[in-house]
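What follows is calculated from the coordinates using simple rules that are stated; it is not laboratory data. Every value quoted in this text rests on a predicted model; they were computed, and no experiment measured them.
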Amino acid sequence: MGLPSFKLCVLLSPSMMQFGAGFRIMKRQNARKADGAESTQVEETAVRENVLSHAVELGSLGGVVPAVLGDAGANSCPGGSRRMTENECSTVKIGSVNPPNVQIKTAPKVAAGCLAWQGPEGTELWYNRHPQGKGNVRSRPICYPPVPAPVPAPVPATPAPDSLPEIVECGEGYLRLPGDIVGWGEIGSLEGGNPVTDCTVCRDWCTGLQECGSYECSARQKKCNLNLGAYPQPYVPSFESFAFCQKLARTTTTQSFADFFATAAPTTAANN
């Protein structure tokens, strides 16, 4: 005779059943949270890449100036750039929309100023009037580019010493005029000019000669030219550092240049 079979029945109280159901619910919720966190991370990465991929330009008179973009999630402009004004923000171009309609916000949890916002239908142009704002992964500051430093005016090259203007006092009885008589003098001309110790010697030569109407002298080069003419040639500029000195009154001497030159400037004659 076999043993009778028994079935073991375990009776659970209502509180124990609720605990089990709650445990299963918590397990499902944790799984959803894990999936959600991973999804959110993927979404934020995609948003960053999407915002970074949009070309943003600042419209301006006379052309288009590239704007400066801050990092996604930043609440300040990169070094050298600054936050745009509301009017400046309204000229911004994003992608092919030029300009998009700027949306005015006052949001404490979004970057302050002009920004590119990644909305559900793409990138939007916002201007956040909030005085502080806060970085948001969906936003990227749009900043005014640094103002380039002014280019200094070119410094004119220093003229060669011989081309610098010479301050020469022509002396009593003479008038300084701009210009030149081409050549090395019309009286006793010497290629390269007659050498003198200073320009008073040149003036004395011209004063002592009736036919001398002017003299040209360079105090720097210590050279002298004597001219028959009293006026510079038309449209001829001054030559190097030579000063043109016009005689105001003709002298009455009848001495020839050769005689005068031999007696008035023995040192110079010896040098020749």
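For segment 177-224 and segment 110-147, what is the separation of their Cα centres, given in Å?
78 Å
Using modelled amide H (1.01 Å from N, peptide plane; none on Pro or chain starts), what sits under 5 Å from the amide H of residue 128, excluding residues fewer than 5 places away?
105, 113, 114, 115
Want the number for residue 103 to residue 172: 0.36 nm per residue separation, take away the alpha-carbon distance, what's left?
Roughly 16.6 nm would be gained on extension.
Between residue 157 and residue 197, what length in nm is gained on full extension when 0.36 nm per residue of separation is reduced by their alpha carbon distance?
Gain on extension, residue 157 to residue 197, equals 11.3 nm.
Which far-off residues, 5 or more places away or on another chain, put their amide H under 5 Å from the one on residue 186, with H placed in the peptide plane?
Residues meeting the amide H criterion: 226, 227, 228.
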